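Engineer: Structure in C-alpha cells, see below.
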Protein chains: 2
Amino acid sequence: MAVTLRDVADRAGVSRSAVSRTFTEGASVSAKTRAKVEKAATELGYSPNAIASSLTTGRTKLIGLVSNNFHNPLFLEVFDLFTRGLQDRGLRPLLVNLSHETDPANSVRMLRQYSVDGVIVASSTLPPSFAEAFRDAGVPVVHSFGRYTTSPHVHVVGIDNIACGRMAAEALIARGHRSVAFLGGPETATSTQDRERGFLDALSSHPEIQVSVSYASAYSFDAGRAEMMRLLQGTPAEAYFCGDDVLSIGVLSAISDARLRVPDDIGIIGLNDMEMARWENINLTTIRQPVAQIIGASIDLVVETIQHPDRHPETRLFPCRVIERGTLRPVPR
Amino acid sequence: MAVTLRDVADRAGVSRSAVSRTFTEGASVSAKTRAKVEKAATELGYSPNAIASSLTTGRTKLIGLVSNNFHNPLFLEVFDLFTRGLQDRGLRPLLVNLSHETDPANSVRMLRQYSVDGVIVASSTLPPSFAEAFRDAGVPVVHSFGRYTTSPHVHVVGIDNIACGRMAAEALIARGHRSVAFLGGPETATSTQDRERGFLDALSSHPEIQVSVSYASAYSFDAGRAEMMRLLQGTPAEAYFCGDDVLSIGVLSAISDARLRVPDDIGIIGLNDMEMARWENINLTTIRQPVAQIIGASIDLVVETIQHPDRHPETRLFPCRVIERGTLRPVPR
DNA sequence: ATTCATTTTGCAACCGGTTGCAAAAAGAAT
DNA sequence: ATTCTTTTTGCAACCGGTTGCAAAATGAAT
C-alpha cells in the first residue's frame, strides 16, 4: 500500500542505506546517488515514516501536550500558540485531556507508550507533583503556567503570581480605594494561593485599607457570578482583584444584575488578558500574561531538556503588566 | 533505559512471543504463563511500546485532528470533546494547526509520516477539497462541521446549514419583523453560503418582508462589530441573523455603542450556542449546534471507516434548534 | 497405555527504517 | 602507473514489537 524505502531503493537501483542516508541530515551520500534517489522518491511519492525511524533513532518528534484547562478561553490561544510553535520546529503535539483525571500515572503511561520526546504540562491549576511524575519517569518535561518555587524539581515557565497579586494590590491602592478584596479561584489552586499572598503582602503596609478575601468554587463564569452575588448580599468592597478573566466576567454579570455600575460603584481587575477581555462590551481592566513568550520559552526549554536531560530544573518567569480598560476608575490626578 | 518486551521475557523465563501475546487481546496464552509474564511486567514497570507494535499491526491508534478554528471559543469545547472522546476509545489525537495553511498537501504529508489511522478535519470554513486530499492519499477521513452535499466524496458530519438559515428566518418571521437581514461571515466560507441560501429561501415566500444581506470579513468579534457599525450609518434592519455567535457579540457591541437597545430596537439571532452565549451579560438568542453529537458521530464514523475503508461516503447531519434568550423579542401573543 | 484433537509455545521472519563497519570507489600525491 | 587518503557504498544487525507455522505440551477418548 504505502511506498517504503525499499521501493525507492529498488527503483533507484541503490541500497536501502543509500535511500535512508539521502533523507538523513548530514549523512554521507554522493551528489549522483542523492539525485537518483530523489528522482525515484518523487516519482513514487515517498516520504519517510517517522514512526519507523524513531525506533532506531529514539526520537519521535512527538511532544505530549497535557492540559486540564478546556474551559478557559485563554487556553484556546494557548493551544493555538503551542501547536503552531511546535509545528514550526518540526515537532508534533500529542494532546492529552486531563479533564477529570488527577493521577499522573495514567498520563505518564499513555505518553510513554508513544515514546514522546518530551512533555509540556500546560496548566495553572495542577500541582507541581504532576509534572514531576514525568520527570521521575525519565521524560523531559516543562510545566507551563506553573507555579514558582525557589528550588524547583522540574522546569517551570510562567508568571510570578505573587508579583501579580502585588501588582493588582498596587493598582487598587493607587486609585485610592479604601476597601479592597481578593476574589480567588479554588483555594486549592496553586495560582490562587500565590496571587492571594502577593495581594495581601502589598496591602500589609497599608493598614488603613480594609481587606477581605473569598474564593469562587472554580475559575469559571458561573462560579464568579455566584460568589459575587453572595458578596452583594452583604457590603461589598470598593474594588476586587479577581482570580482570572473568566471569573471577572461572571463577577461583572452579578454586579450589573444588582444594578450597580462598574467602575463607579465597584471596580474590577482581572488576570490573563484573554482575547475577549478587550471586547468593547466587556472592556475588562486586567493584568496581562505574556502568553506568547511563556509558550515560546516553554518550547525552547523542552527542546533544550531533550538535548541535555540532566540540566538543572529552572524557573523562567515573565513580567506581567496592567492593561487599563474600563472596569477600574482612573488613577486620581 | 526503557524496559522492553525482551527484558520481561528474560525475567519471566518465557519467549518474547509469550510476552507479546499476553498483551494482545485474544491471543493464545495459558493462564500460567500469563501470570508469570504479568508478574515480571509489573515488577519491571513494563508497558508495551505502541509505536513499535504499530509497525507490524499497521495501526498506530493515532488520529489526526486538523483544524483552522483557533479563534472561535466554540472550538475550545470542540477540542475538549474530541480529545476526551478519542481518549475514551483508546485513540490519541495528533493535532495539526492549519492557521495559515491552505494547501492540504502539507498536512497530508505530516500525518502520513506518523501513519495516523484516520483523520478528522474539524472546520466549518475549509472547502470539501481539503478532506478529499486525505481520502485521495488513502487515509480514512471525516469532515466535521463540514458542508452538506448531495453526493459527498468524503464523510461529512455536521448540521444542515441551509435548514439553519431557514430556521433563523422563520424565527424572525414569527416575531413579525418587517425588515430582516443576514449578516454572514466571509462570503467564501461554505457555511456562510449555505446559511444565506436557507435564510433567503424561507423569506422568498414572504415578499412583504424586506431582506438585505451583508458579510463580515471574518467570523470574529471585530469583523462583526465593524460591519454592524457600517450598517448603522444607514438604516438598519429590525433584526439580524448573524453568521455565528462571536460575530453576534461584535454586532451587539456596535449596537450598544450606538445607544440602541436589544431586542427593542434591533433583534439578533446567532448560531452555535457557544458556552458564553448563555452568560447573563451576553444572553444571546441563538441556534444551537449539537456539538457533542456531531463529535460523537465523527469519531464513530472515522472508526468505522478505519475498519471498512471502502464504505460509501456518507453525510450525517444533526438537527439544530433555537435557544430563546434575550436578544430577540418574544413571539407575539 | 495409546491415539487423536486441541491448546500452548518458541522459532524465525518481518514491519520500515538506521547505522557501525569493512569493502569499494574516487581523488590526491608521488 | 602506483600508492595512500578520503569519500561513498552496501551488508548485516538492530530498534521493539507481531505473527504464521510447526513442534511441544496438554487433555480427552478409547
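The values are calculated or read from the model by the stated rules, or taken from the named source; none is laboratory data. Values in this document were obtained by computation on a predicted structure and should not be read as measured data. Heads up, the Cβs are rebuilt from the backbone with ideal geometry, glycines too, and the neighbour counts pull from every protein chain shown. Heads up: the accessible areas ignore ligands, DNA and RNA and are worked out on the full protein's heavy atoms, side chains in. Shrake-Rupley method; radii C 1.70, N 1.55, O 1.52, S 1.80 Å.
Engineer: Of all residues in segment B:83-109, how many are more than 7 Å from chain A (Cβ to nearest Cβ), open to solvent by less than 40 Å² (accessible area, probe 1.4 Å) and within 18 Å of A:Gln87 (Cβ to Cβ)? Working first, answer last.
Structural biologist: Step one: list which residues in segment B:83-109 are more than 7 Å from chain A (Cβ to nearest Cβ), which gives B:85-86, B:88-91, B:96, B:98, B:100-108.
Next, from what is left, pick out any that are open to solvent by less than 40 Å² (accessible area, probe 1.4 Å): B:85-86, B:90-91, B:96, B:98, B:104, B:107-108.
Filter once more, keeping what is within 18 Å of A:Gln87 (Cβ to Cβ): B:96, B:98, B:104, B:107-108.
Residues flagged as more than 7 Å from chain A (Cβ to nearest Cβ), open to solvent by less than 40 Å² (accessible area, probe 1.4 Å) and within 18 Å of A:Gln87 (Cβ to Cβ) within segment B:83-109 amount to 5.
Engineer: Limited to segment B:132-150, what total is found for residues that are among the hydroxyl-bearing types (Ser, Thr, Tyr), touching a residue at least 12 places away in the same chain (Cβ under 8 Å) and open to solvent by 30 Å² or more (accessible area, probe 1.4 Å)? Working first, answer last.
Structural biologist: Taking segment B:132-150 first, the residues among the hydroxyl-bearing types (Ser, Thr, Tyr) are B:144, B:148-150.
Those still in the list that are touching a residue at least 12 places away in the same chain (Cβ under 8 Å) too: B:144, B:148-149.
So of that shortlist, the ones also open to solvent by 30 Å² or more (accessible area, probe 1.4 Å) come out as B:148-149.
Here the count works out to 2.
Engineer: Restricting to segment A:315-333, count the residues that are closer than 20 Å to A:Ile159 by Cα and surrounded by 15 or more Cβ atoms within 10 Å (Cβ to Cβ).
Structural biologist: Initially, segment A:315-333 is screened for residues closer than 20 Å to A:Ile159 by Cα, giving A:315-324.
Of the ones still in play, those that are also surrounded by 15 or more Cβ atoms within 10 Å (Cβ to Cβ) are A:315-318, A:320, A:322-323.
Residues meeting the conditions: 7.
Engineer: Here is a follow-up. Filter segment B:23-36 down to the residues that are surrounded by 13 or more Cβ atoms within 10 Å (Cβ to Cβ) and within 9 Å of DNA strand D (Cβ to nearest atom), then identify the one that is farthest from A:Ala137 (Cα to Cα). I'd like the intermediate steps shown before the answer.
Structural biologist: Our first condition is that a residue be surrounded by 13 or more Cβ atoms within 10 Å (Cβ to Cβ); within segment B:23-36, this holds for B:23-24, B:29, B:33-36.
Those left that are additionally within 9 Å of DNA strand D (Cβ to nearest atom): B:23-24.
On the way: B:Phe23: 21, B:Thr24: 24 Å.
This residue is B:Thr24.
Engineer: Among the residues of segment B:243-272, how many are in contact (Cβ under 8 Å) with a residue 60 or more places away in the chain and more than 10 Å from chain A (Cβ to nearest Cβ)? Before you say what the answer is, go through the steps one by one.
Structural biologist: Of all residues in segment B:243-272, those in contact (Cβ under 8 Å) with a residue 60 or more places away in the chain come to B:243-248, B:251-252, B:262-264, B:267-269, B:271-272.
From the residues that got through so far, the ones that are more than 10 Å from chain A (Cβ to nearest Cβ) too are B:243-245, B:247-248, B:251, B:262-264, B:267-269, B:271-272.
Counting residues in segment B:243-272 that are in contact (Cβ under 8 Å) with a residue 60 or more places away in the chain and more than 10 Å from chain A (Cβ to nearest Cβ) gives 14.
Engineer: Of the residues B:Val78, B:Val66, B:Val19, only one is β-branched (Val, Ile, Thr), buried (at least 20 other Cβ atoms within 10 Å of the Cβ) and outside the structural domain of B:Thr305 (by TED's automatic domain parsing); which?
Structural biologist: Numbers: B:Val78 fails: outside the structural domain of B:Thr305 (by TED's automatic domain parsing); B:Val66 fails: outside the structural domain of B:Thr305 (by TED's automatic domain parsing).
Exactly one residue qualifies, and that residue is B:Val19.
Engineer: Still on this structure, please answer the following. Within segment B:275-309, work out how many residues are open to solvent by 50 Å² or more (accessible area, probe 1.4 Å), within 23 Å of B:Glu132 (Cβ to Cβ) and either outside the structural domain of B:Gln87 (by TED's automatic domain parsing) or assigned to a helix (DSSP H, G or I) (or both). Let's see the steps before the verdict.
Structural biologist: First, pick out the residues of segment B:275-309 that are open to solvent by 50 Å² or more (accessible area, probe 1.4 Å): B:275, B:278, B:280-281, B:283, B:288, B:292-293, B:300, B:304, B:307-309.
With within 23 Å of B:Glu132 (Cβ to Cβ) added as a condition, the list becomes B:300, B:304, B:307-309.
Checking the rest, the ones that are also either outside the structural domain of B:Gln87 (by TED's automatic domain parsing) or assigned to a helix (DSSP H, G or I) (or both) come to B:300, B:304, B:307.
The total comes to 3.
One line per residue, one yes/no per condition, for (1) closer than 29 Å to B:Leu271 by Cβ; (2) in a loop (DSSP other than H, G, I, E, B); (3) touching a residue at least 12 places away in the same chain (Cβ under 8 Å):
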| site | (1), (2), (3) |
| --- | --- |
| B:Val19 | no, no, yes |
| B:Glu38 | no, no, yes |
| B:Pro48 | no, yes, yes |
| B:Ser54 | no, no, yes |
| B:Arg59 | no, yes, yes |
| B:Leu81 | yes, no, yes |
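Engineer: Considering each of A:Glu38, A:Glu25, A:Glu43 in turn, give the residue that is charged (D, E, K, R), within 12 Å of DNA strand C (Cβ to nearest atom) and more than 12 Å from chain B (Cβ to nearest Cβ). Working first, answer last.
Structural biologist: On the way: A:Glu38 fails: within 12 Å of DNA strand C (Cβ to nearest atom); A:Glu43 fails: within 12 Å of DNA strand C (Cβ to nearest atom).
The conditions single out A:Glu25.
Engineer: Which of the strands (runs of 3 or more DSSP E) contained wholly in segment B:109-217 include at least 3 residues that are aliphatic (A, V, I, L, M)? First the steps, then the outcome.
Structural biologist: On the way: elements: B:118-122, B:141-144, B:155-159, B:179-184, B:210-215.
Filter on segment B:109-217 gives B:118-122, B:155-159, B:179-184.
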